[in-house]
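Heads up: the structure comes next, in structure tokens.
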Amino acid sequence: MIHTDFNQQSWLEFRKQELVLHLGTRLFPPDLWHYLRDWFSGDWQTSWLTQPFQRMMVEEDQPGWPRWKQFPMDMFSTLIFRLTVPYDHPLVQLWQRLDWAALNRLGAPCYANHLAGQRAWAPAQMIALLLLFVVLPASSETALLRQVSVAPLYRWFCGFGLFSPLPDHSSLYTFRKRLGVERFEAMLTWVVLQCQQAGLVSNELLFYDMTGVEASAHRFSPYERAVLLTQALIHYLERSGAQKDEVLTDSLRLVLAQVALEAQDNEGLRQQPHLAPRLLRSLERWTTKAGQPLWQRAIEEVISLVLAEQGSQFIPPPADSPAGLAWLKGLASRLKVGLPHARGDLQARVGWTSNVTLLCGYWLGFLLDSLQQVITAVRLMPLNQTQHEQLIPALEQHRQRLGSYPSAVVTDSAQDVDHVHLGLAQRQIQGQIASRQHQGRGGGWGPSHFHFNPAGQLVCPHDEILSVGSVRRDGLVPYQAKGCPTCPLKVQCLPKGQQPDGPRRVHLAPQAHQRWLQNRENTRTLAYKVAQSQRFASEGLFGLAERLHRAKHAAYRSTDMNLVQGLLVGIALNLNLLNCQAAISDP
């Protein structure tokens, strides 16, 4: 036995099978000493402090139940947690808010180790780590685990003792993939229902907004995207057998590089076709490196998709003919859609979040109940897609969670498109949507100045009825005015291409135009103005999510996993509302 003394106030004894720590009473203030003595002499084993070790790793007695790693709570950890984990800390309240046994049941079907194999980390503990990831927040999962390893409060929250091993970042990666988006959606559903039971959800008026989220990736420059498109065109011709020669000629490769430059969104590149040889030299350097980069796999996937769409019977025109050159330009536009925009995250895309801000990442959307700003649905999509694709799916998720649609939804002008108006009308939801200005080319008065009379006829700003033409292939109907030469409004009305005397021509989808006009009329009502003022106040939630949970920075490198991050942020914000409600109800 080894005896080590520390200033005669405490000492250690190293015995053959144990380590004994003796702490003198003089180390503790009298009130703390009596407090600890009374606590340990009481029913401490069933207190809130020991609950993580009793509930987060429980294995239910049913066939096929997985086996979890077991780390019972040791006495030294209990003492340290008693001294360092305050009962009124927000994380303690957050832990008590969740049903950890239900989270284990949620993840249990993803495991098959009930008879053999290693024990797995309990889903409750892994979900606790992921919640900490957005609550703290941490810059990465590796940084999260470093923080958890040194902070007793974080260890307690996840059910780990001071001497318990921790999972590594690869275990968290495997766990996220194993559970998938659907089970994280189920977690949000459970929290939303808890909010509804607490009276925090009215399901009458909803707000919907989206914000740009920056990807954890290095954005390709326009020139680099032209290199990738050149590679895609070359591989397409090689795989499709469009060329008789097995090896493409240098002249054809040069043509493909010029087509790739012309297909770019960057005006500067399109005006520099002489860069084509440089593109080919860059491509040669990229493809001679050892190993296969991830962007090559992305290229092969989009080529396979295009070939499947065309079918085996498709025979492209010769690439060196005028028809072949036009076909190549169309092919370049199709391939460009599926090519990656960044290294590290192949699903992130470059897009404009405002007139001056260009990001590479995603759109993140929250659907909020107006009563207490409970998040009822979370949507995420690449940044180069249009926002209006997500509102109706978000409302469907809301209905699945709460059982019914809201009475009204308030959103910005990004949703002022016909399929949104139609979708809301079909679901009997009042849309309080900011209106966009639809201005035609060449100036003149836009479509908002043309409306339908009670007889269903389109009339111009001078109240003259326009004649109707045949429906075009794109579904638009041409309308043409007759009295433009003598109309007193022709200077303001006629666009540049129809001046000086007209006739004024417009092309509309009649029913869509009527719905758009109805929405513009609705924007003049008091109800709309009140609802939009409430929405503007709710937009601060994105700032709160960014400040508290780093919500505007994508932590992961795929659409699904970044959606998981958004769901975790929504869960954390909703749980905070539940904690605040509980504090008000039981001060």
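Brief remarks follow.
- Residues in region 421-453 that are under 30 Å from Pro488 (Cα atoms) and part of a helix (DSSP H, G or I): Pro447, Ser448, His449.
- Within region 185-244, considering residues that are of a type in the set (Val, Ile, Thr) and within 26 Å of the chain's Cα centre (by Cα), the one farthest from Ala408 (Cα to Cα): Val213
- Scanning region 208-221 for residues that are hydroxyl-bearing (Ser, Thr, Tyr) and modelled with pLDDT of 95 or more turns up at least one hit.
- Scanning region 566-587 for residues that are of a type outside the set (S, T, N, Q) and modelled with pLDDT under 90, we see that the one that is nearest to the chain's Cα centre (by Cα) is Cys580.
- Residues located in region 178-215, provided they are under 25 Å from Asn384 (Cα atoms), touching a residue at least 24 places away in the same chain (Cβ under 8 Å) and not hydrophobic (A, V, I, L, M, F, W, C): Gly180, Glu185, Tyr208, Asp209, Thr211, Gly212, Glu214
- Number of the exception - Ile303 against (1) more than 15 Å from Leu228 (Cα to Cα); (2) touching a Lys or Arg at 6+ places or on another chain (Cβ under 9 Å): (1)
- From the list Gln514, Gln499, Gln492, Gln457, the one residue that fits, being within 15 Å of Ser435 (Cα to Cα) and not assigned by TED's automatic domain parsing to the domain that holds Gln426, is Gln514.
- Only one of Ser538, Ser470 that is surrounded by 14 or more Cβ atoms within 10 Å (Cβ to Cβ), hydroxyl-bearing (Ser, Thr, Tyr) and either modelled with pLDDT under 90 or not assigned by TED's automatic domain parsing to the domain that holds Gln373 (or both): Ser538
- Filtered residue count, region 72-113, keeping only those that are closer than 20 Å to Met126 by Cα and among the charged types (D, E, K, R): 3
- Across region 519-535, the qualifying residues are those that are without any contact (Cβ under 8 Å) to a residue 12 or more places away in the chain and not small (Gly, Ala, Ser), and the one among them that is surrounded by the fewest Cβ atoms within 10 Å (Cβ to Cβ) is Leu526.
- Residue satisfying condition, being among the hydroxyl-bearing types (Ser, Thr, Tyr), within 18 Å of Ile375 (Cβ to Cβ) and surrounded by fewer than 17 Cβ atoms within 10 Å (Cβ to Cβ), within set Ser149, Ser202: Ser202
- The single condition from (1) part of a helix (DSSP H, G or I); (2) in contact (Cβ under 8 Å) with a residue 12 or more places away in the chain that Ala143 fails is (2).
- Among the residues of region 37-86, those identified as in contact with a helix residue (DSSP H, G or I) (Cβ under 9 Å, 6 or more places away or on another chain) and of a type in the set (D, E, K, R) are Arg55, Glu59, Glu60, Lys69, Arg82.
- Qualifying residue in region 432-446 (condition: closer than 25 Å to Leu563 by Cβ, of a type in the set (D, E, K, R) and within 34 Å of the chain's Cα centre (by Cα)): no
- Of all residues in region 194-222, those being touching a strand residue (DSSP E or B) at 6+ places or on another chain (Cβ under 8 Å) and either hydrophobic (A, V, I, L, M, F, W, C) or part of a loop (DSSP other than H, G, I, E, B) (or both) number 15.
- In region 322-343, the residues that are under 15 Å from Gln258 (Cβ atoms) and touching a residue at least 60 places away in the same chain (Cβ under 8 Å) reach residues that are in a helix (DSSP H, G or I) and of a type in the set (Lys, Arg) with C-beta atoms within less than 9 angstrom, at least six apart or across chains, in these pairs: Lys336/Arg225.
- Residue identified as at positive phi and not aliphatic (A, V, I, L, M) among Gly423, Gly365, Gly344: Gly344
- Strands (runs of 3 or more DSSP E) wholly inside region 347-420 containing at least 2 residues that are modelled with pLDDT of 95 or more, within 16 Å of Tyr208 (Cβ to Cβ) and in contact with a Pro (Cβ under 9 Å, 6 or more places away or on another chain): 358-369, 374-382
- Ala116 being among the aliphatic types (A, V, I, L, M) and surrounded by 13 or more Cβ atoms within 10 Å (Cβ to Cβ): no
- Qualifying residue in region 325-337 (condition: outside any loop (DSSP other than H, G, I, E, B), of a type outside the set (A, V, I, L, M), surrounded by fewer than 17 Cβ atoms within 10 Å (Cβ to Cβ) and at pLDDT below 85): no
The values are calculated or read from the model by the stated rules, or taken from the named source; none is laboratory data. Nothing here was measured: the structure is a model prediction, and the numbers come from that model. Quick reminder, even Gly has a Cβ in these numbers, built from the backbone with ideal geometry, and neighbours come from all protein chains shown.
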